[in-house]
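Here's the structure, in structure tokens; my notes come after.
Each reported figure results from applying straightforward, stated rules to the coordinates on display, with no laboratory input. Quick caveat: nothing in here was measured; it's all calculated off a predicted structure. When we count neighbours, we look across all protein chains shown, and the Cβ atoms used for this are built from the backbone with ideal geometry, even at glycine.
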Amino acid sequence: MSRTEGLLDEIRKLKVEKRAVILSHNYQRDEVQEIADYVGDSLELSRKASTIDCDLIVFCGVHFMAESASILSPEKTVLLPEPDAGCPMADMIRVSGAREVWKSFPGYDVQPAFVLPHEFTLRDMKERYPGAPVVAYVNTTAAVKAESDICCTSANVVKVVESLSSERVICIPDRNLSMWAQKNTKKQVIAWDGFCHVHDRVTRDDVFKARKEHPGALLMAHPECRPEVLELADHVTSTSGMLRFAGASDRMEFIVGTEIGLMYRLRKENPEKLFYPLRKDMICPNMKKTTLQSVLRALKEMRSVIKVPEEIRVPAKRALDRMLEIK
Ligand code: 13P
Ligand code: SF4
């Protein structure tokens, strides 16, 4: 038996023994997606976490995702195999407290053109716009969700904004997703200045270059990309939205404007079609931290338990539930 087969075998045995379910985000490494019971986008995984029958959830994703699973299923033990797998964008907003300035992304050639003025907090923003409900992208900490009125994902942000009675809404933390929502609603969207360093690095020139290299391909882009990039896309949607779009389309070639982990499922589910990354360096280092070894270690040692305290969990769940009620 090869080393990988041995690892897979051990994971499978422990999964049965511990009544565990492995959830994987679409951006995870190929082999992690392969061992998972469910692979999906943020919305699908939130729904799954709340309905699944098991004792243990191993969440192959980033910290806020495991927190969401713990919020929705407090009776289950939730493990995040790599405890340091965070989302820099989620950490760009805090409820209150000390000022923090986002400086750079170590190890990256491309740095954001932007340094966040983090002298504001979510509470400051709420004070500045009294009465405006807060829509929190799921890419936020549990504490931020607890201070928000409703959550949204990249798949349902417009629906969520439209579901609110107020004419003015605060959208946090992704400025690009907020601008996308603004483009698709008549309500006034007040955006926070956060961004995803993986998606925000894409420029119009990247699109022109990719289109020149693949003239017959359709461009799918994630709403975390900049507005000027989304303007050039044929379809703007979440990761699973891209899977549905490419699967249903009669076109054969697609440029993929999101983290390259999605390419694995796109190619697997559409072996006759061709997929090209919009940029080869659209890689989320945090999503790639989880390996088969870390999944096995987590299952064996039951380490990296994510447990949201009740005083945060209850209000955060309210915000997630309000989102999940929207069809
Ligand atoms: P979804 O399209 O799955 O919502 O994910 C985007 C993302 O960046 C999650 O971190
Ligand atoms: Fe966060 Fe972007 Fe990575 Fe998603 S891809 S986890 S938004 S840094």
Give me the lysines in straight-line cross-link reach of Lys186: C-alpha distance below 30 Å, same-chain residues under 8 apart excluded. Lys126, Lys145, Lys159, Lys317, Lys327
What distance in nm lies between label points placed 7 Å from Cα along the C-beta direction at Ile283 and Arg12? 3.0
Whichever lysines have a C-alpha closer than 22 Å to that of Lys15, once near sequence neighbours (fewer than 8 apart) are set aside: Lys48, Lys76, Lys288, Lys289, Lys300, Lys307
Amide H of Tyr276 versus every other amide H placed in the peptide plane: which residues, excluding those fewer than 5 positions away on the same chain, fall under 5 Å? Phe254, Ile255, Val256
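Using r as the Cβ-Cβ distance of Asp205 and Asp84, and R0 as 25 Å, what FRET efficiency do you calculate, to the nearest 0.05?
Details: r = 33 Å, r/R0 = 1.33.
Between Asp205 and Asp84 the formula returns 0.15.
Sorted from fewest to most neighbouring beta carbons within 10 Å, what does the list Ile260, Ile283, Ile172 look like?
Final ranking by Cβ density, sparse to dense: Ile283, Ile260, Ile172.
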Just flag the trypsin sites (Lys or Arg not before Pro) in the stretch 1-38 sitting in loop per DSSP whose Cβ has no more than 14 other Cβ atoms within 10 Å. Arg19
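Fewest first, what order do Thr4, Thr291 take by the number of other Cβ atoms within 10 Å?
Lowest to highest Cβ neighbour count: Thr4, Thr291.
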Note to self: C-alpha centroids of the stretch 265-299 and the stretch 57-71 sit apart, in Å, by 18
By counting other Cβ atoms within 10 Å of each Cβ, how are Arg303, Arg201 ranked from fewest to most? Arg303, Arg201
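Please work out the FRET efficiency for the pair Asp53 and Glu269, using the Cβ-Cβ distance as r and a Förster radius of 30 Å; give the result to the nearest 0.05.
Values: r = 26 Å, r/R0 = 0.87.
Taking R0 as 30 Å, the efficiency between Asp53 and Glu269 is 0.70.
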Options Val21, Leu266, Gly131, ranked by Cα towards positive dipole end of the chain, top entry (Cβ charges): Gly131
